[in-house]
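Undergrad: The following block contains the structure, expressed as structure tokens.
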Amino acid sequence: MPKKLLRWGLLSTARINRALIPAIRASKRCQLVAVGSRTQEQADSYARQWEIPRAHRSYEALLADPEIDVIFNPLPNSLHAEWTIAAAQAGKHVLCEKPLAVTVTEVDAMAETAAKAGVVVAEAFMYRHHPQTRKVLEIAASGILGNIELIRGAYTYTNTRQNDVRLDPALGGGSLWDVGCYPVSYSRAIAGADPVEVFGWQDTGPTGIDLTLVGQMRFANGVYAQFDCGFKAPFRAFVEIVGSQASLQIPTPFKPGRSEKIFLTRGEEVETIKIKGQDLYTGEVEDMADAVLLGKPPYLSLDYSRGNVATIVALLESARVGKPVAL
């Protein structure tokens, strides 16, 4: 008899869990059954707080739990590959927080392990599943904008937290890995390809990570993309797609909600397009259920995630050496 319920385990007590937990519980096909932490005391406390049935004293104990089908991996960036691979080897499907990994070699190892184990591994880029993003992609592909010429975007916020993992280079810190990955991902989705050349400028902080990064991407089909990301500017998040006949403005591209508006501009006329959305994290949870329970390919392939990691690595290399980098 085919499995009808997907049982989830949380790999750590990371802050992002509080966004995913309601989406898991809202799904008729999913059930949150366990959490693992680095001590039994931490796991017990978290399980009580969030009313999770089982608490495991270690990550290894969580992966050994035979009652878990899917692991959510929200660990620091540099640990994504190690623990996703360990989960896959334990026979668990994995939804891994973005970025999937911090090197292309790691992505390839994750994909190879998943294939050998016969499990699904997918990157948790929640905005890609939202109806607004799908509508934007539909408009961009429709020809309404004409030929896509330029994609502009930004994602910044002020990060003054001491000892934040995002400031630690050993843990995959930096603004590009944290928030710049969003406009990079969005631009690649609109362009429908990976860039052939990138250029980056960065302002580094005391730990050596990029506090600000300004990037450019050139695609083979004539599309250009520009973006900035960082920890020093006020909160800013937008995407603009410029075509030869019209432009499209997306004011809330990366964290859209239940009711959104995007704006199509032709000459001096601005058309407001209303979009009925959904809870932001619903899509990635239901997509994992479709992949595991129904055998559908994940909406975001590992090849797509590999291209995002490769682009980010190239941008960081360009910013380091001060020259364009070809992909």
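The values are calculated or read from the model by the stated rules, or taken from the named source; none is laboratory data. Quantities reported herein were computed from a predicted structural model and do not represent experimental measurements. Methodologically, a virtual Cβ is constructed for each residue, glycine included, from the backbone with ideal geometry; neighbour enumeration extends over all protein chains shown.
Undergrad: Name the pairs whose Cβ atoms lie under 6 Å apart, with the first residue in region 280-308 and in contact (Cβ under 8 Å) with a residue 24 or more places away in the chain and not assigned by TED's automatic domain parsing to the domain that holds HIS93, the second of a type in the set (Val, Ile, Thr) and in a loop (DSSP other than H, G, I, E, B), and 6 or more positions between them or separate chains?
TA: As it stands, the answer is ALA291/VAL120; VAL292/VAL120, since those pairs meet every condition given.
Undergrad: So, one more: Specify which of the listed residues (VAL136, VAL120) is in contact with a helix residue (DSSP H, G or I) (Cβ under 8 Å, 6 or more places away or on another chain), in contact (Cβ under 8 Å) with a residue 40 or more places away in the chain and assigned by TED's automatic domain parsing to the domain that holds PHE235.
TA: After applying the criteria, what remains is VAL136.
Conditions (1) farther than 18 Å from GLN249 by Cα; (2) in contact with a Lys or Arg (Cβ under 9 Å, 6 or more places away or on another chain), marked per residue:
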site	(1), (2)
TYR127	no, yes
VAL136	no, no
GLY143	no, no
ASN147	no, no
TYR157	yes, yes
THR160	yes, no
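Undergrad: Please verify whether LEU280 is in contact with a Lys or Arg (Cβ under 7 Å, 6 or more places away or on another chain), closer than 30 Å to LEU316 by Cβ and either crowded, with 19+ Cβ neighbours inside 10 Å or not small (Gly, Ala, Ser) (or both), treating the condition exactly as stated.
TA: yes
Undergrad: List pairs: first in region 207-222 and over 18 Å from ILE241 (Cα atoms), second of a type in the set (Phe, Trp, Tyr) and buried (at least 23 other Cβ atoms within 10 Å of the Cβ), Cβ under 8 Å, 6+ apart or cross-chain?
TA: Pairs that qualify, where the first residue is over 18 Å from ILE241 (Cα atoms) and the partner is of a type in the set (Phe, Trp, Tyr) and buried (at least 23 other Cβ atoms within 10 Å of the Cβ), are LEU211/PHE231; THR212/PHE231.
Undergrad: Moving on. Quick check on this structure: which one of ALA43, ALA81, ALA86, ALA117 is more than 30 Å from ALA189 (Cβ to Cβ) and either of a type outside the set (D, E, K, R) or crowded, with 23+ Cβ neighbours inside 10 Å (or both)?
TA: After ruling out the rest, the residue left standing is ALA43.
Undergrad: Could you grab me the full set of residues in region 94-124 that are of a type in the set (Val, Ile, Thr) and touching a Cys at 6+ places or on another chain (Cβ under 9 Å)?
TA: Residue satisfying the conditions is VAL121 alone.
Undergrad: Of the residues in region 1-50, how many are in contact with a Cys (Cβ under 9 Å, 6 or more places away or on another chain) and either on the phi > 0 side of the Ramachandran plot or among the polar types (S, T, N, Q) (or both)?
TA: Looking only at that region, the number is 0.
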